[in-house]
1. Of the listed peptides 72-78, 133-139, what is their order by residue-averaged count of other C-beta atoms within 10 Å, with the highest listed first?
2. Any idea what the relative contact order of the range 46-152 is, in percent, if you count C-alpha pairs under 8 Å spaced at least 6 apart?
3. If you bin the C-alpha pair distances of the range 32-178 every 10 Å from 0, what whole percents do you get?
4. Under a crude label model (7 Å from the Cα following the beta-carbon direction), how far is residue 98 from residue 68 in nanometres?
């Protein structure tokens, strides 16, 4: 079991098997994409910023790089996951009770490969809707959280939370400002400037 699994409590053969699924590329029917490659491609197509990490040291290092790139070292942040607060604390960032947070630091439920989106619930967002949270997001996830479709993600949530099923389940799919001519396609959607730190845990 990896250090990240011990820290975040993700494990299970079922998840490992899900990640080995392969799908046909929509752009070339003769090419088969691994599920992680499909997610990465679709996520980037949606405007997401993707950073692959091999260990927790790289998580910390790349988190600091994001702070430096955006000049967020002295800003207020938001985070509802106690397991992630250490990243804010070691960088001396004020969080949660601070007004006007510049970014939210969050985990997620699953990564949805076929549409390149990220699935969240009240475990990450409490009662807040995506448009009530900061536009800037830094999300931590592992490769074992990648699933093929939204229905697979919902099934995992159900299996993982049999007694305390979370509410406020939502996906975020758009990670850049919508162009004017695309407004009708994105109506009702909330875009986020989102960095994904993805840790290899398989």
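1. In descending order of packing, they fall as 133-139, 72-78.
2. Details: 136 pairs, mean separation 25.0, N = 107.
Value for the range 46-152: 23 percent.
3. For the range 32-178, the binned pair fractions read 10, 40, 38, 11, 0 percent.
4. That separation, rounded to one decimal, is 1.9 nm.
No value in this document is a laboratory result; all are computed from the given coordinates. All values reported here derive from a predicted model rather than from experimental measurement. Using ideal geometry, Cβ is built from the backbone for each residue, glycine included, and neighbour counts are taken over all protein chains shown.
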